[in-house]
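A short write-up of the structure that comes next.
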């Protein structure tokens, strides 16, 4: 019995670590904006930087964890790297967020605004 509870603790910790890494990767405005833009169409880093109004180096820096966690896929085409969204993972996430905002966020998504 004791061994079973130890195994469950390890599983829970493993899930917590996974969740932490998952949400930490997404908890960045630049990364979220990149995901939103890539939902429309694949882009190279120059196109994405232009769409986001940010420097290319900043966008590249923020794409790295999205690629590592496979929220975004990258394909080489000659000298370019084309970034595409992982629709299998990202589409359901955005649907959950939209559903939550519509059904449970009466302030129109402003539930985390700081009180003045």
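Structure notes:
- Inter-residue pairs, beta-carbon under 8 Å, first at negative phi and modelled with pLDDT of 80 or more and in the range 12-24, second surrounded by 10 or more Cβ atoms within 10 Å (Cβ to Cβ) and not in a helix (DSSP H, G or I), 6+ apart: 21/69; 22/69
- In the range 84-95, the residues that are surrounded by 10 or more Cβ atoms within 10 Å (Cβ to Cβ) and part of a helix (DSSP H, G or I): 87, 89, 90, 91, 92, 93, 94, 95
- Candidates 81, 76, filtered to the one that is over 18 Å from residue 21 (Cβ atoms), at pLDDT 95 or above and loosely packed, with under 12 Cβ neighbours inside 10 Å: 76
The values are calculated or read from the model by the stated rules, or taken from the named source; none is laboratory data. Computed from a predicted structure; not experimentally measured. For neighbour counting, all protein chains shown are included, and Cβ atoms are generated from backbone atoms with ideal geometry for every residue, glycine included.
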